[in-house]
Amino acid sequence: MNRFRAMAYPYVLFISILVVIPMLLIIAYAFTVEGTAFFQHQFTLDNFARFFSDAVFLQVLVRSLRVAVFTTIVCLILGYPAAYCIAKSERRQGILILIITLPTWINMLVRTYAWVGILQDNGLLNAVLGTLGLGQLHLMYTDFAVVLGMVYNFIPFMILEISAALSKMDPSYLEAAEDLGANRRQSFLHVTLPLSLPGIISGITLVFLPAVSAFFIPKLLGGGSYVLVGNIIETEFLTAGNWSFGSALSLIMAIIIMLSIYLTRRIDRNRGEVS
């Protein structure tokens with residue numbers, strides 16, 4: 001047992017250096033006045049008061065949550081049928097999963113830049129529409145472009161989680177439902193959908209968390225005027241040099257993310273107890 005416990009030490013060290021220590025630094029900066037040397041400053045709550053007292057920051061937070069929720073809903077609506085088809089295609093399941101995961105092998109920033117070339121006024125999409133005589137669409141720097149970029153980047157997480165849950169489902173449940181007189185719609189609503197809820201909840205978590213804190217997708221596809229919380233955090237750290245306020249924003253987002261994880265796990269736990 002001691003030998004196996006010793007094998008965990010490198011992982012503990014890894015997590016401490018890359019997760020625990022940075023989080024402690026963020027907490028320390030968040031509760032100090034502006035600066036880059038937190039041990040020289042005094043304790044204060046001004047960074048949080050500034051955020052909650054300024055209506056602009058609250059509007060940005062609401063917009064970030066709205067975009068993340070809408071992105072998650074779109075990923076769920078589009079991802080569930082794709083995951084269902086993958087789970088049902090036993091012979092081609094491997095190649096279908098490869099097709100879904102293949103774009104993720106490319107850096108997310110590069111993939112987002114590709115959408116800039118597609119959606120801009122002189123991009124590929126408008127070139128095709130112009131060739132067909134259908135006019136032009138002005139899609140760049142809009143809510144549609146931002147949501148499209150997020151859905152494209154994050155939908156594989158939703159598809160893979162749901163397809164994994166559906167693949168684990170025992171086919172005998174559907175056979176039993178059919179023997180009891182259930183049609184396909186009833187079998188799906190009362191058997192398939194409930195059994196896929198763990199995958200849905202995991203997919204929602206994996207999509208919502210990066211969507212609510214994304215910064216370069218709205219920056220590239222939404223333009224400088226489209227600002228989410230992630231963009232403000234980036235600006236405070238890299239441009240304004242206000243590490244204290246940036247850390248406070250990061251801590252607020254971390255709390256929101258942890259609450260989201262807690263609520264989704266609580267729903268999953270309650271569903272398991274009921275079933």
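Table for the structure above
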| item | result |
| --- | --- |
| Listed residues 163, 140, 190: farthest to the positive end of the dipole of region 120-230 (Cβ charges) | 140 |
| Length gained when the stretch residue 262-residue 62 is fully extended (0.36 nm per residue, less Cα-Cα span) | 70.0 nm |
| Virtual spin-label span in nm between residue 137 and residue 73, 7 Å along Cα→Cβ | 2.0 |
| The chain: most fluctuating residue of 21, 100, 257 per GNM, C-alpha cutoff 10 Å | 21 |
| Using θ = phi - 60° and Karplus 6.51 cos²θ - 1.76 cosθ + 1.60, couplings along region 243-254 (whole Hz; Gly, Pro as x) | 5, 5, 5, x, 5, 4, 4, 4, 5, 4, 5, 4 |
| At R0 = 45 Å, FRET efficiency that the Cβ-Cβ distance of residue 11 and residue 190 yields, to 0.05 | 0.60 |
| Per residue accessible area in Å² of the chain, where ligands, DNA and RNA are left out and the probe is 1.4 Å | 60 |
| Cα long-axis angle, helix 55-88 against the chain (0 to 90 degrees, to the nearest 10) | 20 |
| Under-5 Å amide H pairs with residue 32, H placed in peptide plane, nonlocal only | 44 |
| Dimensions in Å of region 147-275 - Rg and Dmax from alpha carbons | 20.0, 67 |
| Theoretical FRET efficiency, 1/(1+(r/R0)^6), r = Cβ-Cβ of residue 116 and residue 175, R0 51 Å, to 0.05 | 0.55 |
| Separation between Cα centres of region 192-230 and region 40-113, rounded to whole Å | 2 |
| From phi via Karplus (6.51, -1.76, 1.60), per-residue ³J(HN,Hα) for region 173-189 in Hz, x at Gly/Pro | 5, 5, 5, 5, 5, 5, 5, 7, x, 7, 7, 5, 5, 5, 5, 5, 5 |
| Taking only Cα atoms of region 11-143, radius of gyration then Dmax in Å | 23.0, 65 |
| Cα-based helix-to-principal-axis angle, 21-30 vs the chain, degrees rounded to 10 | 60 |
| Of 223, 79, 199, the one that fluctuates the most in a GNM where the chain has Cα springs shorter than 10 Å | 223 |
| In Hz, Karplus ³J(HN,Hα) per residue of region 112-119 (6.51, -1.76, 1.60; θ = phi - 60°; x = Gly, Pro) | 5, 4, 4, 5, 4, x, 7, 8 |
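The values are calculated or read from the model by the stated rules, or taken from the named source; none is laboratory data. Owing to the predicted nature of the structure, the values given are computational and were not obtained by experimental measurement. As a convention, Cβ positions derive from the backbone with ideal geometry for all residues, glycine included, and neighbour counts pool all protein chains shown. Ligands, DNA and RNA are excluded from the accessible area calculation, which covers all protein heavy atoms including side chains. Shrake-Rupley method; radii C 1.70, N 1.55, O 1.52, S 1.80 Å.
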